[in-house]
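Before any comments, here is the structure.
The values are calculated or read from the model by the stated rules, or taken from the named source; none is laboratory data. Nothing here was measured: the structure is a model prediction, and the numbers come from that model. Accessible surface is based on the protein model in full, side chains and every heavy atom, while ligands, DNA and RNA are left aside. Shrake-Rupley method; radii C 1.70, N 1.55, O 1.52, S 1.80 Å.
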Amino acid sequence: MSKNLTKREVDYSKWYNELVVKADLAENSAVRGCMVIKPYGYAIWEKMQAELDRMFKETGHENAYFPLFVPKSLFEAEEKNAEGFAKECAVVTHYRLQNDPDKPGKLRVDPTAKLEEELVVRPTSEAIIWNTYKGWIQSYRDLPLLINQWANVVRWEMRTRLFLRTAEFLWQEGHTAHATKKEAISEAMLMQKVYAEFAENFMAMPVIKGSKSESERFAGADETYTIEALMQDGKALQAGTSHFLGQNFAKAFDVKYTSKEGKQEYVWATSWGVSTRLIGGLIMTHSDDLGLVLPPKLAPIQVVIVPIYKGEEQLEAISEKVDVFVKELRKRGVSVKFDARDTFRPGAKFAEYELKGVPIRIAIGKRDLENNTVEVARRDTLEKQIVSQGNVVDVVSNLLDEIQENLFSKAKKYREEHTTVVNTFEEFKNAIDNVGGFVSAHWDGTTETEDKIKELTKATIRCIPLNNKFEEGTCVLTGEKSSQRVLFAKAY
């Protein structure tokens, strides 16, 4: 199992791909570029979904669902959005198959069943949603409109990687409408804050909140806010984005409201989303050469109990003791699995749960029954301790909190050690090539310079950090004046 994993320092990409498959998270499907999310991987997504959904509803949002297909004429109504996604769109042109007269037993597209208008398989839902909002919004009383949907989208990717970049993926997308620009910007920044809190408090993944440069913005947005995380290989991961769309979609779809003063005004819009790419981020932030390391708050199984026994009589005695632990832990909201399978030896079970990143493993055998103890092992540090059976519930509860905090602290320390402040282009290149991580550098604010730096180093501007300190300086590449530093990195 874990012994067969490629080491991270040997080939990080291969390690990641092997781990996703061997830990039973996902696998490639019969459809090129698409994945099958297996039950264990989907259980992680369900936990993410549950927490995010709660956070959305606590901030006043409601869930709805909109069609998978977008008529081409609607899709192209907002030109920047359409142009930005055009090359990634899957398009439906026909609505029926028929038996192939030239190949018995085979099917072909019915040439007489061509759609009057092509349908785009949604790469994002602004077009279909804003066309719908036109009928929902008439008055200031209808605002703000705060809608989220959980859905799948398709973006036709040629180079794919499980969870990180697939042709079809799962996500949520929020789409809101507001009476004023100020309200819409506040909404976009609120959702960025929600994403950051989720990433740090549940994923134990530290993030930097910032805004995107113009060239990195969402197509059709006036401003894109982002949370950026750093993976163990020194590459950045855009973990969630929130967009202030201005009145671009309102004007494209003629969505107006009557103000309190009786005037017709265009509404102001936002959209925001995170996807199953978060699972990739979770893996790459914490896992090691032995397998997954999962933060307790998102682990499908937080505690596994493995009995070590000979014969049914010993198993019964162990099971009786374990039943007490399980009930008490579940009362505290802890997910527990008692693995009494007789088809695997204890050592094989230990390896399986190590690979799957279960935060705590409890072993109990004949000697433990005699001594009234259990062995408790934690996945993050691999430390083991002998605990009295009377204390095991309290110890495990405290340990789960400790593991969650330790994973966050460890990831934050890594980020701090891999954030380099540079003043010359030589220092910039050295940091990107030899240190990795975030590079803080002055930039002259032009797209031309940003593109040239990307061409020379493959590094992009990940974000302009919020609450950035303004300081006079000179652009790391051109020497032109700059008023603040931005964060560069190579990215997924």
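Annotation: extensible slack from LYS331 through GLU472 equals 45.1 nm (criterion: 0.36 nm per residue apart, minus Cα-Cα distance).
Computed from the Kirkwood radius of its Cα pairs, the Stokes-Einstein diffusion coefficient for the chain at 4 °C and 1.567 mPa s stands at 51 µm²/s.
When a 1.4 Å probe is rolled over the protein heavy atoms, the share of accessible surface on the chain that falls to carbon and sulfur comes to 48 percent. Taken per residue, the accessible surface of segment 1-51 reaches 54 Å², heavy atoms only and a 1.4 Å probe. Size of segment 191-248: Rg and Dmax of its alpha carbons, in Å, are 12.1, 40. Near the amide H of ARG462, within less than 5 Å, lie the amide hydrogens of LEU487, PHE488, ALA489, all on another chain or at least 5 residues away, with H placed in the peptide plane.
For segment 177-312, the Kirkwood radius over C-alpha pairs fed into Stokes-Einstein at 20 °C and 1.002 mPa s yields D = 122 µm² per second. For the chain, DSSP calls about 80 percent of its internal beta bridges antiparallel. Reported value for segment 87-234: 189 Å³ per residue, from the convex hull of its C-alpha atoms.
Put simply, segment 309-361 fits an ellipsoid with semi-axes of 19, 18, 6 Å; these come from the alpha carbon gyration tensor as the roots of five times its eigenvalues, largest first. Values of log10 I(q)/I(0) for segment 417-492 across q = 0.24 Å⁻¹ run -1.15, by the Debye formula with one identical scatterer at each alpha carbon and no solvent.
Across all directions, the average flat footprint of the convex hull enclosing the Cα atoms of segment 233-291 is 6.3 nm². Computed from the C-alpha gyration tensor, the three semi-axes of the ellipsoid equivalent to segment 278-399 are 25, 16, 12 Å, from longest to shortest.
For segment 233-349, what is the convex hull (Cα atoms) projected area averaged across all directions, in square nanometres?
Convex hull of Cα atoms, orientation-averaged projection: 14.2 nm².
For LYS310, the lysines whose Cα falls under 28 Å of its own Cα, not counting residues fewer than eight places away in the same chain, are LYS3, LYS321, LYS327, LYS337, LYS349, LYS356, LYS366, LYS384.
Given the rule -39500 (n - 2.57) for each run of at least 4 DSSP H residues, summed and divided by the residues of the chain, what is its mean residue ellipticity at 222 nm, to the nearest 500 deg cm²/dmol?
-10500 deg cm²/dmol
Residues in segment 61-76 carry Karplus couplings, in order, of 8, 10, 8, 9, 9, 10, x, 6, 9, 10, x, 4, 5, 6, 4, 8 Hz; the curve used is 6.51 cos²θ - 1.76 cosθ + 1.60 with θ = phi - 60°, and Gly or Pro positions show x. Under 18 Å Cα to Cα from LYS452, which aspartates and glutamates show up? Leave out anything in the same chain fewer than 8 places away. List returned: GLU214, GLU216, GLU426, GLU427, ASP433, ASP444, GLU480.
Would you kindly state how much longer the chain becomes between GLU265 and ARG141 on full extension, computed as 0.36 nm times their sequence separation minus their alpha carbon distance, in nm to one decimal?
Fully extending the segment from GLU265 to ARG141 adds 43.3 nm.
When the C-alpha to C-alpha distance is required to be over 19 Å, the pairs from LYS410/LYS469; LYS181/LYS251; LYS72/LYS181 that qualify are LYS410/LYS469; LYS72/LYS181. The per residue volume of the convex hull around the alpha-carbon atoms of segment 1-106 is 266 Å³. Taking the DSSP beta bridges with both ends in segment 287-374, the antiparallel portion is around 10 percent. Taking all Cα pairs closer than 8 Å and separated by 6 or more residues, the relative contact order of segment 110-266 comes to 21 percent. In percent, rounded to a whole number, the relative contact order of segment 169-249 is 26, using alpha-carbon pairs under 8 Å and six or more apart.
Can you tell me the convex hull volume per residue for segment 336-492, based on C-alpha atoms, in Å³ to the nearest whole number? Numbers along the way, then the final one.
Values: hull volume 25.1 nm³, N = 157.
That works out to 160 Å³ per residue.
If you wrap segment 133-194 in the convex hull of its Cα atoms and look at it from every side, the mean projected area works out to 5.9 nm².
Can you give the alpha-carbon Rg of segment 370-457 over 2.2 N^0.38 Å, where N counts its residues?
For segment 370-457, the normalised Cα radius of gyration is 1.90.
Structure note, pairs LYS14/LYS209; LYS7/LYS212; LYS134/LYS193; LYS47/LYS331: Cα-Cα distances above 25 angstrom occur for LYS14/LYS209; LYS7/LYS212; LYS134/LYS193.
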